[in-house]
1. Taking the condition of being without any contact (Cβ under 8 Å) to a residue 40 or more places away in the chain, among the hydroxyl-bearing types (Ser, Thr, Tyr), in a helix (DSSP H, G or I) and exposed (fewer than 15 other Cβ atoms within 10 Å of the Cβ), how many residues in the stretch 1-38 meet it?
2. Scan the stretch 40-60 residue by residue and report those that are more than 12 Å from residue 2 (Cα to Cα), open to solvent by less than 80 Å² (accessible area, probe 1.4 Å) and within 10 Å of the chain's Cα centre (by Cα).
Amino acid sequence: MIITGVAVTLLGFLISVASLSIASSVGGRMVLVLVGLAVSLGGIIGVLNRAYVSKAIWRR
């Protein structure tokens with residue numbers, strides 16, 4: 001689960017970086033960067049946080 005979260009976060013970063021070569025307009029780049037940020041935050045808050053909370057020390 002942790003590896004999946006890191007992969008989703010990295011995918012969001014790569015979407016943001018790829019916007020430089022995919023879109024030539026500022027608006028297109030902005031949309032792709034915002035999509036990349038949303039994917040990254042989904043990976044961090046949705047996947048990684050859930051994995052760490054399920055293995056938290058106070059749950060033992």
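1. 1
2. Correct list: 40, 42.
The values are calculated or read from the model by the stated rules, or taken from the named source; none is laboratory data. Predicted model only: the values in this text are computed from it and were never measured. Cβ: placed from backbone, ideal geometry, glycine included. Neighbour counts: every protein chain shown. We work out accessible area using only protein heavy atoms, side chains counted, and drop any ligands, DNA or RNA first. Shrake-Rupley method; radii C 1.70, N 1.55, O 1.52, S 1.80 Å.
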